[in-house]
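Asks: Take this structure first; my questions come after.
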Amino acid sequence: MFRGDSCAIGRDIYAFKPSGLLNFDYVFFAIQEGINEIVMFAKGDIPGISKSNILDHKIYLPNRKTQDLVVTKIEELFSELDKGVESLKTARDQLKVYRQALLKHAFEGKLTEQWRKENADKLETAEQLLERIKQEREARYQQQLEEWTVAIEKWESDGKIGKRPIKPVKPKQIKPIQKDIQKTLTELDDGWVWEKLGYMTTGVEYGTSAKSKKTGSHPVLRMGNIQNAKFDWSDLVYTSDEDEIGKYLLKKGDVLFNRTNSPELVGKTAIYIESRPAVFAGYLIRINQINSIVLSQYLNLFLNSHVARQYGNIVKTDGVNQSNINGEKLINYPFPYCSILEQQKIVEILDEKLSVIDVSLDNIEDNIARAEALRQSILKKAFSGQLVPQDPNDEPASVLLERIAREKAEAAATPRKSRAAKAAPNV
């Protein structure tokens, strides 16, 4: 509601000036109470409502004294609600800050500092850890070559029916983290090392670009199906293409990275843990992490942390309403490597603490929603005559309506120029 002297409005906005015999705030609250009923009339490709949809909307109209009482009571109750909602939002913000602080400490080694002291005899030095990671990456590639050789022999013995198995690509050499990026990284505890994400995989993989359908044998998970680091199985599309299914079928523990999305959502990830068979779409990247190097839960938690998001904001390419982080940039992400044993402990601690935070956040959101429902309940009571007591000695609303009718009749009888002259400010 505008309370100033004058303003300009766009063509998609209606301006209503209630009769001076009415309480403006009362009319404003009345429209708020009935807005859901009004917008039911919205039509068109870009939904809109006509002026008559608003003017034809009926409201409870008591005398002016009761209007003033209703407005006072609404403002009093809304003020209390607003204070409660503000407190809830503050608590929500504090929990989100605590969550990120928890993740930050987890990926610096601070969360498991005591655990490391108690298990020092089971842990490698940072140098030993990195050397083992390199060896296991090479061993994974050799395993892929052996599997490909077996597949080729079978393909040939079967008369070369179908597509020839694709030879695995030799893993790329990983360059050291750039000095300017290294300076931005926090110092890690003993047994930890910052190295590029590419060391945990022999190659990342983009999803299918084939057109999906409304029905099919296998759902195709898309960027919209990643919600809060998990997969949401609503709003699915499907494929029945056997070649696509064979190539992009997800395995339990696969971590998928969203490479294209809005600037604030690009880079979100989720783990495929469902027993339901599915494939993944082209705007997602399968990291193909080597499980002996990094746990999928540890990787997923890190990529959804503020540290990883901050780096993603540096390297993303921005377009019109869309940002992109391709596979090459992904494998160059700085990543905090530690032993599998310590990763397991970190995941265990985070699962416990984050689940408590998530429950608290859900409760806060539920209470905010209840507050909004209560706001609507207050308005409903106000405009059904139940919010303030009615005084039978007050002037009846019919008298007020008669005065409004006379005011409208007088305004209609006054020439337009005369009305404009009266409305013009004195100079």
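Asks: Just add up the charged neighbours of residue 175: K/R +1, D/E -1, any other residue whose Cβ is under 11 Å from the Cβ of residue 175.
Replies: Working: positive: 172, 196; negative: 195.
Once positives and negatives cancel, what remains is +1.
Asks: Pick out, from 325, 188, 128, the residue whose Cα sits farthest towards the positive end of the charge dipole of segment 124-338, with +1 on the Cβ of Lys and Arg and -1 on the Cβ of Asp and Glu.
Replies: 325
Asks: Continuing with the same structure: Relative contact order of the chain: what whole-number percent is it, with Cα pairs under 8 angstrom and at least 6 residues apart?
Replies: Here the relative contact order equals 20 percent.
Asks: What ranking of 180, 82 emerges when the number of other C-beta atoms within 10 Å of each C-beta is taken as an exposure proxy, fewest first? All intermediate terms of the calculation are to be shown ahead of the outcome.
Replies: Working: 180 7, 82 12.
Fewest-to-most ranking of 180, 82: 180, 82.
Asks: Using DSSP loop states and a limit of at most 13 other Cβ atoms within 10 Å to flag chymotrypsin sites (Phe, Trp or Tyr not before Pro), what is the longest stretch of the chain containing no flagged site?
Replies: Excluding the exposed sites themselves, the longest stretch runs over 17-232.
Asks: What list of ³J(HN,Hα) couplings, whole Hz, do you get for segment 24-31 from phi and the Karplus terms 6.51, -1.76, 1.60, once you set θ to phi - 60° and write x for glycine and proline?
Replies: After applying 6.51 cos²θ - 1.76 cosθ + 1.60, I find 4, 5, 4, 4, 4, 5, 5, 5 Hz.
Asks: Can you tell me, using C-alpha contacts under 8 Å and at least 6 residues apart, the relative contact order of segment 216-282 as a whole percent?
Replies: This gives 42 percent for segment 216-282.
Asks: With unit charges on the beta carbons (Lys and Arg positive, Asp and Glu negative) and the dipole taken about the Cα centre of the chain, which residue among 14, 72, 59 sits farthest to the positive side?
Replies: Selected residue: 14.
Asks: Still on this model: Counting Lys and Arg as +1 and Asp and Glu as -1, each charge on the Cβ, what is the dipole of the chain about the Cα centre in debye, to the nearest 20?
Replies: 1480 debye
Asks: Could you give the size of the charge dipole of segment 1-141 about its Cα centre, using +1 on the Cβ of each K and R and -1 on the Cβ of each D and E, expressed in debye and rounded to the nearest 20? Spell out each step's value before the answer.
Replies: Working: 23 positive and 23 negative charges, 31 e Å.
It works out to roughly 140 debye.
Asks: Residue farthest toward the positive end of the dipole of segment 124-338, with Cβ of Lys/Arg at +1 and Asp/Glu at -1: which of 237, 200, 145?
Replies: Among 237, 200, 145, the one farthest towards the positive end of the dipole of segment 124-338 is 237.
Asks: Local charge sum around residue 397 (other residues, Cβ-Cβ under 11 Å, Lys/Arg +1, Asp/Glu -1)?
Replies: Local net charge: 0.
Asks: Related question: Of 230/251; 96/329; 211/247; 252/353; 196/329; 117/345, which pairs sit farther than 20 Å apart, going by alpha carbon to alpha carbon?
Replies: Those over the limit are 96/329; 252/353.
Asks: Report the charge-dipole magnitude of segment 240-309 in Debye, nearest 20, computed about the Cα centre from +1 at each Lys and Arg Cβ and -1 at each Asp and Glu Cβ.
Replies: On the way: 8 positive and 7 negative charges, 61 e Å.
Magnitude of the dipole: close to 300 debye.
Asks: In the chain, which longest range has no trypsin sites (Lys or Arg not before Pro) that are both DSSP loop (not H, G, I, E or B) and surrounded by at most 15 other Cβ atoms within 10 Å?
Replies: It works out to 253-427.
Read the figures in this text as sums done on the coordinates, not as results from a lab. Only a predicted model underlies this, so the values are computations on that prediction, with no experimental measurement involved. Positions of Cβ are backbone-derived with ideal geometry, glycine not excepted, and every protein chain shown enters the neighbour counts.
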